[in-house]
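A.B. asks: Can you keep this structure in mind? I'll have questions shortly.
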Amino acid sequence: MTVKNIIVGAGISGATVARVLADRGEQALVVDKKPHIGGNCYDYYDRNGICIHKYGTHIFHTDVKPAWDFVSRFTEWHPYMHKVVGLIDGQLVPIPFNLNSMRQVFPEALAARLEDKLIARFGFNKKVPILELRKTDDDDLNFLAEYVYQKVFLFYTMKQWGVKPEELDPAVTGRVPVYVSRDDRYFQNRWQGIPQKGYTAMLEKMLAHRNITVKLDTSWNDIKQECRDCRIFYTGPVDELMDWRFGDLPYRSITLEFREYDREFFQSHSVVNYPENYDFTRIGEYKYFLNDISPRTVVSFEYPSAYRRGVNEPYYPIAGEENAALHEKYLAAAHAEYPDIHFLGRLGDYRYYDMDKAVARTLKLMENL
């Protein structure tokens with residue numbers, strides 16, 4: 001094969017690699033086993049004119065200026081501030097649980113007392129990981145911690161990850177805070193938005209360069225015999241690359257059940273969480289993201305599940321020392337077999353990345369090559 005650079009995976013990490021190389025004047029071949037680019041960021045317009053995120057809701061948010069500046073080369077932005085509510089005791093309350101949430105679910109006197117104590121101990125506009133809040137010795141704050149733990153965190157986490165929260169890596173549990181604030185936004189990052197024409201259109205522009213060739217419906221196994229002398233950028237699971245010789249790396253997967261309704265809106269927000277009720281964790285409604293106008297609407301019910309090779313897709317790496325050690329073992333074996341290989345992305349790095357972190361990680365990697 002005459003191409004020097006082979007990129008396995010046409011998601012946001014692979015597309016970023018390809019574009020950086022192309023801008024440097026290098027040829028790059030991007031392959032993906034899916035029939036489309038974009039990886040899990042892929043979206044499309046349905047018959048109702050609604051932009052559907054095929055693999056679940058995605059919002060770009062970041063404080064990392066290089067990542068924002070890079071992707072902004074390929075899209076205009078639809079300003080969007082993500083707000084999530086959860087069904088708690090029959091009410092839709094802001095998630096993460098914050099001072100406004102308290103005012104909804106608690107009597108006024110109790111909510112005011114809790115607010116004063118939270119601000120006094122942690123400060124205003126601070127995010128307190130739920131497992132840290134549970135360690136307080138104040139009776140009121142301990143009550144709040146147990147309430148949020150039971151009503152917001154425990155069952156949602158068990159559904160999402162299939163384990164108790166205490167068994168999770170702190171990097172995961174830290175993502176679920178109590179927010180000592182009246183800011184109902186899910187993210188507080190400086191830059192937030194949805195690509196004006198969708199993620200697929202943004203990635204199409206990123207890959208539209210004379211130095212980039214894209215082959216879809218093409219797996220690593222289809223080309224690996226021709227790539228022994230290539231520089232490889234691999235964004236897929238490293239255990240799959242090495243034919244699972246040391247066993248499977250654990251992941252969580254999800255099943256998305258899409259439903260179309262003959263009504264303008266199904267719910268009040270783009271995402272509604274169901275921490276306690278039902279087997280699904282959340283419902284996403286897609287027309288909110290770009291303010292798509294249609295008399296009908298489309299939503300997705302999200303059911304987490306264990307990853308089973310050949311049955312479903314790996315979505316979320318499961319953090320933990322044992323899993324990290326297995327990943328490192330696979331990396332060592334891969335580098336021994338493919339001396340010029342570089343891993344990136346959520347699956348390649350076996351790390352939970354938001355989109356901006358995936359781009360930032362990729363840009364940093366390319367700076368050092």
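Rule-based calculations on the coordinates, nothing more; no lab input. This one's a predicted model, so the numbers in the text were calculated from it and none came from an experiment. Quick reminder, even Gly has a Cβ in these numbers, built from the backbone with ideal geometry, and neighbours come from all protein chains shown.
A.B. asks: Which loop trypsin sites (Lys or Arg not before Pro) in the stretch 67-141, with loop taken from DSSP, have no more than 11 other Cβ atoms within 10 angstrom of their Cβ?
C.D. replies: Working: sites: ARG73, LYS83, ARG103, ARG113, LYS117, ARG121, LYS126, LYS127, ARG134, LYS135; in loops: ARG73, LYS83, ARG134, LYS135.
In loop regions of the stretch 67-141 (DSSP not H, G, I, E or B), the sparsely surrounded trypsin sites (Lys or Arg not before Pro) are ARG73, LYS135.
A.B. asks: Order the peptides 86-99, 43-56 from the highest to the lowest mean number of other Cβ atoms within 10 Å of their residues.
C.D. replies: For the peptides 86-99, 43-56, the packing ranking is 86-99, 43-56.
A.B. asks: Within the chain, which DSSP H helices have Cα atoms that stretch 15 Å or more along the helix axis and a mean Kyte-Doolittle hydropathy of at least -0.5? Please list the in-between numbers first.
C.D. replies: Details: long enough: 12-23 (16 Å, 1.02); 108-122 (21 Å, 0.17); 321-337 (24 Å, -0.63); 355-367 (18 Å, -0.06).
Membrane-span-like by this criterion, though nothing is claimed about a membrane: 12-23, 108-122, 355-367.
A.B. asks: Now for a separate question. Which option, (1) 0.99; (2) 0.96; (3) 1.38, is the value of Rg/Rh (Cα atoms, Kirkwood Rh) that was calculated from these coordinates?
C.D. replies: (1)
A.B. asks: Sticking with this one: Cα to Cα, under 17 Å, and not fewer than 8 places away if on the same chain: which aspartates and glutamates meet these conditions relative to LYS224?
C.D. replies: Partners found: ASP32, ASP239, GLU240, ASP243, GLU337, ASP340.
A.B. asks: Subtracting the Cα-Cα distance from 0.36 nm times the residue separation, let me have the gained length for GLU146 to ALA333 in nm, one decimal. Each step should come with its number before you reach the end.
C.D. replies: On the way: separation 187, 0.36 × 187 = 67.32 nm, distance 4.50 nm.
Using 0.36 nm per residue and subtracting the Cα-Cα distance, I get 62.8 nm.
A.B. asks: How would you rank CYS230, CYS41, going from fewest to most other Cβ atoms within 10 Å of each one's own Cβ?
C.D. replies: Values: CYS230 20, CYS41 24.
If I rank by nearby Cβ atoms, fewest first, I get CYS230, CYS41.
A.B. asks: I would also like to ask the following. Using 0.36 nm per residue of separation minus the Cα-Cα distance, give me the extension gain between ALA306 and LYS215 in nm, one decimal.
C.D. replies: On the way: separation 91, 0.36 × 91 = 32.76 nm, distance 3.00 nm.
Contour length minus Cα-Cα distance gives 29.8 nm.
A.B. asks: Spit out the partnerless Cys residues in the chain, using Cβ distances under 4.7 Å as the pairing rule.
C.D. replies: CYS41, CYS51 - these cysteines have no disulfide-compatible partner (Cβ-Cβ under 4.7 Å) in the chain.
A.B. asks: Full-extension gain between GLN267 and TRP77, please, as 0.36 nm times their residue separation minus the C-alpha to C-alpha distance. Mind dumping the intermediate values first?
C.D. replies: Working: separation 190, 0.36 × 190 = 68.40 nm, distance 2.44 nm.
Taking GLN267 through TRP77 to full extension adds about 66.0 nm, to one decimal.
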